[in-house]
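Let me begin by presenting the structure, written as structure tokens, before commenting on it.
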């Protein structure tokens, strides 16, 4: 079955369900609960591809046909598991068990997030604030914030252009990714463009058989990838331009596996910059092309008070990544290499030798 046929088959199944799942004031509580479950990114709205993504996740839990009774039981089980996982994560941070997460209970990388979660400014994040926090909104700066950052950056140097050669080595390594045309000079336009994309949820622009990808991978991305795959069967390659990482690692791996299962190729061009979850997404390509000049960054992931590198190798937290790399035929050693290459707050740019060693490119 080709992608176009598959598209209409799937939409024929999902659209009626989507229509029934729209939230209204007169709906029974059970139907509202179902709608909330199908709202994968929890933004209060549904679209058919979001519903399809959730249904694919259910299929992994229950292979074959599913009765309504089985469906309801599975949904309830998943919701219970999610609630338990949220509680366990909260408890991990709430080290003194007082029901609030405070600055002194988290590592340095988490302090800003904890402050944002504390919406009532009480000096600590409650469980309700923790579970209701919108990570996409919390991590991504808006246009006004971006303008302030860019203005501050150029005001510091007192010039309209910044020469990388005038910076010390550490600052050069941090700033060189903003130099889109690789000429050694940062302009206000370049910095603004990069920072805007760096604070925009990932999106695709289709031209012919290529889908150009930019932005940060979020909880919306699996549904957006399914939309791309099913509405644009002509696309054979995803060319990643600036994809600096992911806010939701689980969603990222799921979206990337859709790309892999549909057999699309991935490419980075001479001016591309991908890193962290963006690098993981790139690895999903059937054929992976890396042009000279492309920058590929890796580092350790972070998700708790204990750095990933300090977790035992048999810790369950490692398994979703190891299973993902196995599915792509990427050496397991690549995963352990990323944890050691740079801490979560840093980034290591892969060398050509490392790109070849870990099968990042296929040609």
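Within the stretch 38-67, the residues that satisfy the criterion of being part of a helix (DSSP H, G or I) and at pLDDT below 80 are 59, 60, 61. Residue 350 meets each of the listed conditions (1) modelled with pLDDT under 95; (2) closer than 21 Å to residue 172 by Cα apart from (1). Checking the stated criteria, residue 87 turns out to be at pLDDT 75 or above and surrounded by fewer than 17 Cβ atoms within 10 Å (Cβ to Cβ). Scanning the stretch 236-257 for residues that are farther than 13 Å from residue 220 by Cα and in contact with a strand residue (DSSP E or B) (Cβ under 7 Å, 6 or more places away or on another chain) yields 236, 237, 238, 239, 240, 241, 242, 243, 244, 245.
Determine whether residue 306 is under 30 Å from residue 102 (Cα atoms) and either touching a residue at least 60 places away in the same chain (Cβ under 8 Å) or crowded, with 19+ Cβ neighbours inside 10 Å (or both). Against the criterion (under 30 Å from residue 102 (Cα atoms) and either touching a residue at least 60 places away in the same chain (Cβ under 8 Å) or crowded, with 19+ Cβ neighbours inside 10 Å (or both)), residue 306 does not qualify. Kindly provide the set of residues from the stretch 101-129 that are touching a strand residue (DSSP E or B) at 6+ places or on another chain (Cβ under 7 Å), outside any loop (DSSP other than H, G, I, E, B) and in contact (Cβ under 8 Å) with a residue 24 or more places away in the chain, ordered by number. Answer for the stretch 101-129, where residues must be touching a strand residue (DSSP E or B) at 6+ places or on another chain (Cβ under 7 Å), outside any loop (DSSP other than H, G, I, E, B) and in contact (Cβ under 8 Å) with a residue 24 or more places away in the chain: 101, 125. Annotation: residue 363 fulfils all but one of (1) at pLDDT 95 or above; (2) outside the structural domain of residue 240 (by TED's automatic domain parsing); the unmet one is (1).
Looking across 118, 142, one residue alone is surrounded by fewer than 12 Cβ atoms within 10 Å (Cβ to Cβ) and farther than 20 Å from residue 345 by Cα. It is 142.
The values are calculated or read from the model by the stated rules, or taken from the named source; none is laboratory data. Remember, predicted model here, so these are calculated numbers, not experimental data. Because the Cβ atoms are built from the backbone with ideal geometry, glycine has one as well, and the counts that use them run over all protein chains shown.
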